[in-house]
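Right, one structure below, let's go through it.
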Amino acid sequence: MEKTITLAGQQFNLATTYDGDSQYHVQLRNGEQVLHSFKIAAETEQDVIPAAMAHLQADLAMGNLQL
């Protein structure tokens, strides 16, 4: 699943793929360039985007993600 998101006032693509056992691989992209990637647990596909957004916002706040 892919979705365009706004993060820190900029637009990015958020791409997710299901890895099994309720694990999703998430990539934050700017065009074809992957800026950040991580795995996240979610019970349903609908839960992935909100959980990924929270993860990204926490990484920004902690300085683990520079945009």
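Computed from the coordinates by the stated procedures, all read-outs in this text should not be read as laboratory data. All figures in this text were calculated on a predicted structure; none of them were measured in a lab. A quick note on method: Cβ atoms are made from the backbone with ideal geometry, for glycine too, and the neighbour counts reach across all protein chains shown.
So for the chain, considering every pair of alpha-carbon atoms, how many percent are separated by more than 13 Å?
The proportion of pairs with Cα distances above 13 Å equals 60 percent.
Here is how the number arises for the chain: DSSP H runs of 4 or more residues each give -39500 (n - 2.57), the sum is divided by the residue count, and the result at 222 nm is -9000 deg cm²/dmol. Near residue 15: Cβ cut-off under 15 Å, other residues only, Lys/Arg at +1 and Asp/Glu at -1. The net charge is -1.
Here the range 17-67 is treated with +1 on each Lys and Arg Cβ and -1 on each Asp and Glu Cβ, and its dipole about the Cα centre works out to around 220 debye.
Report the net charge of residues surrounding residue 24, where surrounding means a beta-carbon distance below 11 angstrom and charges are Lys +1, Arg +1, Asp -1, Glu -1. Please list the in-between numbers first.
Details: positive: 39; negative: 19, 21, 43, 45, 47.
That works out to -4.
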